[in-house]
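S.K.: Next up is a structure, given as structure tokens.
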Amino acid sequence: MALHTPMYFFISVLSFLEIWYTTTTIPKMLSSLVSEQKTISLAGCLMQMYFFHSLGITEGCVLTAMAIDRYIAICNPLRYPTIMTPKLCIQLTAGSCLCGFLLVLPEITWIANLPFCGSNQIRQIFCDFTPVLSLACTDTSLVVIVDAIHAVEILASFLVIALSYIRIILVILVMPSAEGRRKAFSTCATHLAVFLLFFGSVAVMYLRFSATYSVFWDTVIAVTFVILAPFLNPIIYSLRNKDMKDAIGRIFRYQKRAGGTGR
């Protein structure tokens with residue numbers, strides 16, 4: 001399998017999004033931990049919220065595109081090269097970015113124009129919609145509509161991916177060869193693991209509705225969502241992908257030979 005195939009293209013896009021995604025929150029979080037100044041400006045807070053949620057939505061859209069890619073590869077293998085062309089991959093990625101960066105913009109603009117006159121302490125380790133809106137001294141009930149829109153977005157992506165994998169599993173189960181079934185499951189296991197990790201953390205973080213947690217559990221959930229999930233995704237892809245493992249093995253063997261030559 002060549003590294004220019006659609007799945008590797010989407011993995012590279014996902015990796016880039018993960019790096020950018022964690023950069024929006026972790027540096028500021030770490031600086032607050034090691035310094036006495038634990039503040040962030042309103043503009044900085046809004047920018048953090050915008051990029052954090054935009055990149056999160058974009059990542060969800062890319063995961064959906066990856067599920068469609070796996071669906072076509074397994075359910076329509078003969079037509080796969082003609083359907084999943086480089087042009088379509090670029091279009092899906094561009095559409096994912098457009099969707100992510102435009103959907104959050106109206107909400108950020110609305111929040112930027114709200115008056116804030118209460119406490120200036122955010123009950124979270126990064127700027128997020130609910131903690132920031134709780135500081136506003138005006139009616140913010142409109143956020144319920146916005147939350148419903150975001151919930152529909154999340155559920156739509158989840159349903160597309162879930163239905164794709166239901167169809168994939170049904171096709172795999174009727175394959176006559178046990179080796180063919182094993183290989184087919186192997187190609188989908190990595191993406192399925194990342195999908196469950198991403199949407200599982202999103203569901204706990206944003207689809208809790210009226211459920212409330214203590215500050216401790218809010219922090220634990222946020223750390224899992226912001227740090228743990230992006231950290232585990234590259235490891236899952238590397239360990240579950242034969243080509244990745246072979247490439248890592250070649251690097252270690254080369255370094256071992258180079259070290260031996262140096263001595």
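The values are calculated or read from the model by the stated rules, or taken from the named source; none is laboratory data. All values reported here derive from a predicted model rather than from experimental measurement. Backbone-built Cβ (ideal geometry, glycine too); neighbour counts: all protein chains shown. Quick note on the areas: whole protein, heavy atoms, side chains included, nothing else; ligands and nucleic acids left out. Shrake-Rupley method; radii C 1.70, N 1.55, O 1.52, S 1.80 Å.
S.K.: If I go through region 74-111 residue by residue, how many of them are open to solvent by less than 50 Å² (accessible area, probe 1.4 Å) and not hydrophobic (A, V, I, L, M, F, W, C)?
M.R.: Within region 74-111, residues that are open to solvent by less than 50 Å² (accessible area, probe 1.4 Å) and not hydrophobic (A, V, I, L, M, F, W, C) number 7.
S.K.: With the requirement that a residue be under 12 Å from the mean Cα position of the chain (by Cα) and crowded, with 21+ Cβ neighbours inside 10 Å, what does region 19-51 give you?
M.R.: Tyr21
A quick yes/no check of all residues on (1) closer than 21 Å to Cys99 by Cα; (2) assigned to a helix (DSSP H, G or I); (3) open to solvent by 20 Å² or more (accessible area, probe 1.4 Å):
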| site | (1), (2), (3) |
| --- | --- |
| Val160 | yes, yes, yes |
| Arg167 | no, yes, yes |
| Met175 | no, no, yes |
| Gly180 | no, yes, yes |
| Lys183 | no, yes, yes |
| Ser186 | no, yes, yes |
| Leu196 | no, yes, yes |
| Ser201 | yes, yes, no |
| Met205 | yes, yes, no |
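S.K.: Given the conditions (1) modelled with pLDDT under 75; (2) within 17 Å of Leu232 (Cα to Cα), which single one is not true for Phe195?
M.R.: Unmet condition: (1).
S.K.: Continuing with this model, one more query. Checking the conditions here, which among Glu179, Glu153 is acidic (Asp, Glu), modelled with pLDDT under 85, under 22 Å from Thr64 (Cα atoms) and out of contact with any Ser or Thr (no Cβ under 9 Å at 6 or more places or on another chain)?
M.R.: Result of the check over Glu179, Glu153: Glu153.
S.K.: Residues in region 112-146 that are open to solvent by less than 70 Å² (accessible area, probe 1.4 Å) and part of a helix (DSSP H, G or I): how many?
M.R.: Going through region 112-146 one residue at a time, the tally reaches 7.
Residue-by-condition table, conditions (1) of a type in the set (A, V, I, L, M); (2) over 25 Å from Glu18 (Cβ atoms); (3) without any contact (Cβ under 8 Å) to a residue 40 or more places away in the chain:
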| site | (1), (2), (3) |
| --- | --- |
| Phe126 | no, no, no |
| Asp139 | no, yes, yes |
| Ile145 | yes, yes, yes |
| Val160 | yes, no, no |
| Val171 | yes, yes, no |
| Pro176 | no, yes, yes |
| Glu179 | no, yes, yes |
| Ala189 | yes, no, no |
| Leu197 | yes, no, yes |
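S.K.: Pull up region 65-79, narrow it to residues that are more than 14 Å from Cys188 (Cβ to Cβ) and of a type outside the set (Lys, Arg), then point me to the one that is nearest to the chain's Cα centre (by Cα).
M.R.: My answer is Ala65.
S.K.: Of the conditions (1) surrounded by fewer than 18 Cβ atoms within 10 Å (Cβ to Cβ); (2) more than 16 Å from Phe198 (Cβ to Cβ), Phe16 clears all except one; give me its number.
M.R.: (2)
S.K.: For Val34, work out the one condition from (1) out of contact with any Pro (no Cβ under 9 Å at 6 or more places or on another chain); (2) of a type in the set (Val, Ile, Thr); (3) modelled with pLDDT of 90 or more it doesn't fulfil.
M.R.: The failed condition is (3).
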